1. Could you order the peptides 37-47, 53-63 from most to least packed, using the average number of other C-beta atoms within 10 Å per residue?
2. If the chain between residue 5 and residue 32 were fully stretched, how many nm would it gain, using 0.36 nm times the residue separation less the Cα-Cα distance?
3. Among all lysine pairs in the chain that are eight or more places apart or on different chains, how many have alpha carbons less than 20 angstrom apart?
4. Taking amide H positions as placed in the peptide plane 1.01 Å from N, state which residues far from residue 28 in sequence (5 or more) or on other chains have amide H under 5 Å from it.
5. On average over all directions, what projected area in square nanometres does segment 132-180 have, based on the convex hull of its Cα atoms?
6. With axes computed from alpha carbons, what is the tilt in degrees of helix 111-122 against the longest principal axis of the chain, rounded to the nearest 10 within 0 to 90?
7. Work the Kirkwood hydrodynamic radius out for segment 1-75: mean of 1/r over every pair of different alpha-carbon atoms, inverted, in Å.
8. Highest mean first, how do 64-77, 133-146, 155-168, 99-112 rank when packing is the count of other Cβ atoms within 10 Å averaged over residues?
Amino acid sequence: MFDRRLHSTVVEALYRLKKYFPDVKVRFKYNSSVPIAACVFDTRSSEYVILINPSSAAMFPPEELALIFAHELLHFFRYDGLEVCEPYVNPILLNIALDAAINRVLYSLDPYSALSLFRRLYGSVPTDAFAILTPEPEPSKPRHPDWVIELWKYVWKSEEPPSPAAIYYALVKHIKVPLS
């Protein structure tokens, strides 16, 4: 069934997305198999296609949905520099590293909407390494180990955007997760 309200929210979010990516051709397609959204490239039309789960997307206002779409595009653009190491990269830790670096970029684009989105996605007090995914609250002892506090400072207090590779290697150093 067509949801006119959701459709208008998605259209407004795509309009807002153009503010961040003015030269990128983007269209959307509803797809219930993705958690919230994902991005693919249509080679026939040379357009990026944002796949949107209608049930999940309905929970977000347009300004947050635009940031979710921007987040997915940045993932698709491989904002990491680690693609040459693909077979040796831990996909779980890489995704956390990418999310942290991308979230920092999103926060610089629209701090108010980004904070609202991060609270909705991660809760008010993220635990463990997930604390690096959001600028508030700042991690502290005894809840977080020193390495999480230092990595959070690198992600959120550095003048330059953080390197996803640097975040990834810091995570690998401290978190033992199997490669597959």
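Computed from the coordinates by the stated procedures, all read-outs in this text should not be read as laboratory data. Bear in mind the structure is a predicted one, so any value in this text is a computation, not a measurement. Using ideal geometry, Cβ is built from the backbone for each residue, glycine included, and neighbour counts are taken over all protein chains shown.
1. 53-63, 37-47
2. Details: separation 27, 0.36 × 27 = 9.72 nm, distance 1.74 nm.
Taking 0.36 nm per residue and subtracting the Cα distance, the gain is 8.0 nm.
3. Numbers: 18/29; 141/153; 141/157; 141/173; 153/173.
Here the count comes out as 5.
4. For residue 28, the qualifying residues are 50.
5. About 3.9 nm², averaged over all directions.
6. Orientation of helix 111-122: about 80 degrees from the principal axis.
7. Values: mean 1/r = 0.0821 Å⁻¹.
Kirkwood hydrodynamic radius for segment 1-75: 12.2 Å.
8. 64-77, 99-112, 155-168, 133-146
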